[in-house]
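See structure below.
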Amino acid sequence: MDAQDWDNRYQGSELVWGAPPNEIVVELATALPRGRAIDIGCGEGRNALWLATRGWQVEGLDFSAAALEKAAATTADAPAAVLERLTWTCADLRAAPLGADVDLALIVYIHLPADERAQLLRRAQDALAPGGALLVLGHHVRNLAEGVGGPQNAAILFSPADIVAELDPTMQVDFARDLGRDTPHGLAIDALVFARKP
Ligand SMILES: C[S@@+](CC[C@H](N)C(=O)[O-])C[C@H]1O[C@@H](n2cnc3c(N)ncnc32)[C@H](O)[C@@H]1O
């Protein structure tokens, strides 16, 4: 899907991904000291906003202007101190700068062909500060046969092992797991990798 396709998906006032942050992001980020975060492919900003309310300085990056308009509208009522910690960047994550000295990089439900995904992972790792964390969460390739939801295209789905294989070998992998997620349509299977830069 290109930016126009995503803009079309974000038409309408309801939030496509809901307002609450992703529960895995909450669980893992809660244990980290606050710092600088980048939410790569932030959509309507549910995770970026949650991080900013927890004291993180957050950049939300997405190439859908419609998504970022909704993110800005959703967060407009947040306290000024939270808004000061949030910035939105409209850009293509395959080329945009991802910053430096980042303490947490989120790549949540971003599905790219394997070569583009590997490049993105490399750039995200480069952006991390020493000790910085990379959280990759997405629809597992197993989902095609055993789960529900997500893209129905094996070429852009992945397993935790795929991600680990694409990481720099120096990265310390804390979690690489398949996760079940209940949905109204049945069980969805997610792939999670959480790794830190040495
Ligand atoms: C499934 S949504 C996930 C949004 C968010 N991470 C979340 O979990 O709520 C995928 C997002 O990635 C964005 N995206 C996809 N490809 C992109 C690209 N090449 N550059 C920037 N954003 C992209 C889309 O616009 C969309 O908002």
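The values are calculated or read from the model by the stated rules, or taken from the named source; none is laboratory data. As the structure is a prediction and not an experimental result, all values here were calculated from the model. Don't worry about glycine lacking a Cβ; one is built from the backbone with ideal geometry, like all the others, and counts go over all protein chains shown.
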Original post:
Within the group 131, 186, which residue is within 20 Å of residue 25 (Cα to Cα), among the small types (Gly, Ala, Ser) and surrounded by fewer than 20 Cβ atoms within 10 Å (Cβ to Cβ)?
Top reply: 131
Subject >> Selection within the range 43-54 - away from the ligand (no atom under 11 Å from the Cβ) and surrounded by 21 or more Cβ atoms within 10 Å (Cβ to Cβ) >> reply: 51, 52
**OP:** Please go through the range 85-125 and pick out each residue that is of a type in the set (Asp, Glu) and under 26 Å from residue 27 (Cβ atoms).
**Re:** 101, 103
Original post:
So which of 78, 91 ends up being closer than 19 Å to residue 15 by Cα and surrounded by fewer than 16 Cβ atoms within 10 Å (Cβ to Cβ)?
Top reply: 78
Original post:
For the range 90-110, how many residues meet the condition of being closer than 23 Å to residue 163 by Cα, within 13 Å of the ligand (Cβ to nearest atom) and hydrophobic (A, V, I, L, M, F, W, C)?
Top reply: 9
**OP:** Specify the residue that is farthest from the ligand (Cβ to nearest atom); the eligible residues are those in the range 72-89 that are at pLDDT 95 or above and touching a strand residue (DSSP E or B) at 6+ places or on another chain (Cβ under 7 Å).
**Re:** 85
Original post:
Which members of the range 1-42 meet the condition of being over 24 Å from residue 192 (Cβ atoms) and more than 11 Å from the ligand (Cβ to nearest atom)?
Top reply: 11, 12, 13, 14
**OP:** Test each condition in (1) farther than 20 Å from residue 22 by Cβ; (2) in contact (Cβ under 8 Å) with a residue 12 or more places away in the chain for residue 76 and report the one that comes out false.
**Re:** (2)
**OP:** Could you figure out which of (1) exposed (fewer than 15 other Cβ atoms within 10 Å of the Cβ); (2) farther than 28 Å from residue 11 by Cβ isn't true of residue 118?
**Re:** (1)
**OP:** Considering each residue of the range 161-183, count those that are small (Gly, Ala, Ser), more than 21 Å from residue 27 (Cβ to Cβ) and touching a residue at least 12 places away in the same chain (Cβ under 8 Å), and give that number.
**Re:** 1
